[in-house]
1. Starting from the Cα-Cα distance between Ser83 and Leu7, subtract it from 0.36 nm times their residue separation and give me the gain in nm to one decimal.
2. Starting at 0 and stepping by 10 Å, how many percent of the alpha carbon pairs of the chain end up in each bin?
3. Any idea what angle helix 97-121 forms with the longest principal axis of the chain, computed on alpha-carbon atoms, 0 to 90 degrees, nearest 10?
4. Between Val90 and Glu109, what is the spin-label point distance in nm, taking each point 7 Å from the Cα along the Cα→C-beta axis?
5. On full extension of the chain, what length is gained from Gln38 through Asp51, given 0.36 nm per residue of separation minus the C-alpha to C-alpha distance?
6. For Ala102, what charge total do you get from the other residues with a beta carbon under 12 Å from its beta carbon, if Lys and Arg give +1 and Asp and Glu give -1?
7. Please give the helix 3-21 orientation as an angle from the longest Cα principal axis of the chain, in degrees from 0 to 90, rounded to the nearest 10.
8. What does the range 3-72 give for Rg and for Dmax, in Å, if only its C-alpha atoms count?
Amino acid sequence: MSQAQELLLQKEAELIQLLRSRDGLAIEKSADPMDEIQRATERDLAIRSVDRDSTLLRQVRAALQRIDEQTFGVCVDCDEEISPKRLKAVPWAQRCIQCQEAADQDRQEHAESLDDSILSMA
Ligand SMILES: [Zn+2]
């Protein structure tokens, strides 16, 4: 087993455990309104981190699949090899640094233009 695979499997197990431990949060209810607000905030935070963790889990699993398919370490956008340094830091990376930056930029611009359209509707 490669080191990356080992790291990914470890991360996968860790995320599954994290996501499971948060399962109970969403159903708890309280009769006390103040308590209810507090819980709603906690729920909100928990849901947001569940979102983040499930996205990460998907990326980790996709990376494990790429190991199986022997395409691990190759950028999904430009087919160049991802630097070993980057893979060591982020074993589930699917893009080289250049493509990742371009993708982040795209997303940011998209988010900004989305904000603009919401503002112009107001
Ligand atoms: Zn690339």
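Every number here is computed from the coordinates shown, using simple stated rules; none is lab data. Please read these numbers as outputs of a predicted model, since none were measured by experiment. Here the Cβ is made from the backbone with ideal geometry for all residues, glycine too, and neighbour counts use every protein chain on show.
1. Full-extension gain reported as 25.7 nm.
2. All Cα pairs considered, the percentages come to 12, 28, 26, 22, 10, 2.
3. On a 0 to 90 degree scale, this one is about 30.
4. Roughly 1.9 nm, to one decimal.
5. Working: separation 13, 0.36 × 13 = 4.68 nm, distance 2.00 nm.
Full-extension gain reported as 2.7 nm.
6. Values: positive: Arg95, Arg107; negative: Asp77, Glu101, Asp104, Asp106, Glu109.
Taking every other residue near Ala102 into account, the sum is -3.
7. So the inclination is approximately 10 degrees.
8. Just the Cα atoms of the range 3-72 yield Rg and Dmax of 16.5, 55 Å.
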